[in-house]
Structures are given as structure tokens and as C-alpha cells.
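Enquirer: One structure follows; several queries about it will come next.
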Amino acid sequence: MKRRNPRFGNQRIAEQISHAYCVPNDKDVVRRVLAKHYCPEHPGASGPSWLTFIAQTKDSLWSVDQCRCESILLRSH
């Protein structure tokens, strides 16, 4: 159900299961099951995310920012 409807939250999935099967269900049970068994697929995601990329390169970006020099024409390099 989560793969077909990725915007459904735990509460909505619990309500749908309770309504379809007439079995009382708790949103925390749905949350634990999804945490253990659900892995969302991202189409076209072959590399790291932007947050991962920036976290891995933050030290080198910091060092590049510290190395500046001014030319005679007052241009930064």
C-alpha cells in the first residue's frame, strides 16, 4: 500500500487496513512494520544525495574558501 500511495502516512494506512479487514489496527504497528520492511525506491538516483555530497566535501570546500588572493587590478583569485 505504501509503494502504491507514497503520500499515505501511518495513520491513513492503519485506517485503511482497519476498514478493509475489520481488524483494529494501531498506527504505531504500521510504523514499525514500515520501518523494518519498506525501502522507498528513487528512480534515477544513481549517486549520493546532495546532503551526502556536501557533507563529504565540506572540509575541502572550507579550504578553498580560505585561499584567496587579490591581483593588481583588485580581482579575487
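Enquirer: Condition first: surrounded by 11 or more Cβ atoms within 10 Å (Cβ to Cβ) and of a type in the set (Phe, Trp, Tyr). Now tell me which residues in the stretch 1-33 satisfy that.
Expert: 8
Enquirer: Going by what's in this entry, would residue 36 be described as at pLDDT 75 or above and either loosely packed, with under 10 Cβ neighbours inside 10 Å or among the small types (Gly, Ala, Ser) (or both)?
Expert: Criteria met by residue 36.
The values are calculated or read from the model by the stated rules, or taken from the named source; none is laboratory data. Small disclaimer: the values here were computed from a predicted structure and weren't measured. Virtual Cβ from ideal backbone geometry, glycine too; neighbours counted across all protein chains shown.
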